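Encoded as structure tokens, the structure appears first; notes follow it.
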Amino acid sequence: MAVIRVVSYNIHKGRTATGNRESMDALKLGLYGLSPDLLFLQEVQGRNDLRATLDAQHELLGAVLRMDNCYGCNAIREHTDHGNALLSRFPILYYENEDISDHRLEQRGLLHAVVQVEDRHVHCLVVHLGLFSGGRSRQIMALVDRINRIVPEDEPLLIAGDFNDWNNRLAPIFVKQLGLYEVFSFAPEMYASSRFKLRQPMQWLRGARGQPDYDVSAPVLGVDGNARLSLPPRTFPSAFPFLRLDRIYQRGFAVRSARVLQGAPWKQISDHSPILTELELP
């Protein structure tokens with residue numbers, strides 16, 4: 001049995017939550033302290049011709065953490081590019097970045113890597129979905145199609161990243177079509193709650209009739225094998241999270257714990273809060 005520490009984090013291109021300072025030094029220290037085995041990173045700059053300290057961030061973090069790494073370039077600018085990255089303490093056997101852009105204004109990709117954990121192949125998919133609901137739905141269908149074509153049903157699977165799905169409308173697709181469950185639906189309750197709890201949802205997050213604009217009735221499997229009503233945690237903005245943007249979905253693991261990392265230094269490093277989960281691979 002292998003115990004794996006998994007982190008998903010939108011690192012905001014190596015800049016602080018406000019965007020006015022670089023945060024790579026604090027990011028390196030923070031991640032080093034977590035001792036992750038797998039890092040699913042979004043908004044990673046693979047190239048920055050203007051600032052050497054922000055260039056090749058996946059390689060820099062890989063060197064500091066002594067982890068294998070791969071990068072999927074999605075958005076290309078004149079002097080920079082950025083995308084998703086996977087860092088792994090286990091050997092990366094294969095990776096491919098699939099373009100799932102829905103329109104010219106947003107360049108999005110799906111980074112799919114296979115890592116070797118002991119004698120098992122674990123499929124890791126890093127995602128950062130679009131800002132528009134219709135585009136996200138089409139991108140998820142591309143993800144489902146890829147998994148059905150490439151990932152054997154008996155091989156463990158992790159999907160993590162920034163889903164931009166604050167109303168939680170995509171979760172039933174993962175549960176019903178792929179047998180994937182968000183890690184907080186399995187985690188003990190002491191880990192499954194965010195520190196910040198809003199008594200009243202902000203008015204602009206409500207539906208037309210004043211109801212919260214997310215599905216609170218979709219059951220997911222709990223740690224005891226029974227259905228449990230669960231919502232993903234709030235992760236954005238990191239200073240006072242009230243949107244549920246980031247997820248880790250799994251298949252083939254047992255979940256030991258899952259929590260959102262809040263407070264110092266995380267609320268300064270990026271505009272998103274990272275998610276940390278500890279998984280057992282039988």
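Before moving on, here are some points about what is shown:
- Considering region 96-109, the residues that are under 20 Å from Val144 (Cβ atoms) and either among the charged types (D, E, K, R) or modelled with pLDDT of 95 or more (or both) include one that is surrounded by the most Cβ atoms within 10 Å (Cβ to Cβ), namely Arg108.
- Positions within region 61-87 being buried (at least 22 other Cβ atoms within 10 Å of the Cβ) and of a type outside the set (A, V, I, L, M), in sequence order: Asn69, Cys70, Tyr71, Gly72, Asn74, His82, Gly83, Asn84
- The listed residues are Leu41, Leu54, and the only one of them that is within 19 Å of Gln107 (Cβ to Cβ) and under 15 Å from the mean Cα position of the chain (by Cα) turns out to be Leu41.
Here's the yes/no breakdown for (1) in contact with a Gly (Cβ under 7 Å, 6 or more places away or on another chain); (2) in a loop (DSSP other than H, G, I, E, B); (3) β-branched (Val, Ile, Thr):
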| residue | (1), (2), (3) |
| --- | --- |
| Asp81 | yes, no, no |
| Leu86 | no, no, no |
| Tyr94 | no, no, no |
| Gln116 | no, no, no |
| Cys124 | no, no, no |
| Val127 | yes, no, yes |
| Gly134 | no, no, no |
| Arg138 | no, no, no |
| Ala142 | no, no, no |
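- Region 116-131: number of residues that are free of Cβ contacts under 8 Å to residues at least 40 places away in the same chain and farther than 23 Å from Ile11 by Cβ: 3
- Candidates Leu50, Leu61: the one that is out of contact with any Phe, Trp or Tyr (no Cβ under 7 Å at 6 or more places or on another chain), closer than 18 Å to Ile269 by Cβ and not in a strand (DSSP E or B) is Leu61.
- Residues in region 27-59 that are under 17 Å from Ile92 (Cα atoms) and among the aliphatic types (A, V, I, L, M): Leu38, Leu39, Leu41.
- Considering the conditions (1) farther than 21 Å from Ile173 by Cα; (2) touching a strand residue (DSSP E or B) at 6+ places or on another chain (Cβ under 8 Å); (3) crowded, with 23+ Cβ neighbours inside 10 Å, Pro233 is excluded by exactly one of them, (1).
- Here Trp204 fits the description: farther than 18 Å from Ala160 by Cα, aromatic (Phe, Trp, Tyr), over 15 Å from the mean Cα position of the chain (by Cα) and modelled with pLDDT under 50.
- Of all residues making up region 4-47, the number that are in contact (Cβ under 8 Å) with a residue 24 or more places away in the chain, surrounded by fewer than 24 Cβ atoms within 10 Å (Cβ to Cβ) and part of a helix (DSSP H, G or I): 10
- Residue identified as modelled with pLDDT of 90 or more and within 14 Å of the chain's Cα centre (by Cα) among Asp246, Asp154: Asp246
The values are calculated or read from the model by the stated rules, or taken from the named source; none is laboratory data. Treat the numbers as computed from the prediction; the structure is a model and nothing was measured. We place every Cβ from the backbone using ideal geometry, glycine too, and count neighbours over all the protein chains shown.
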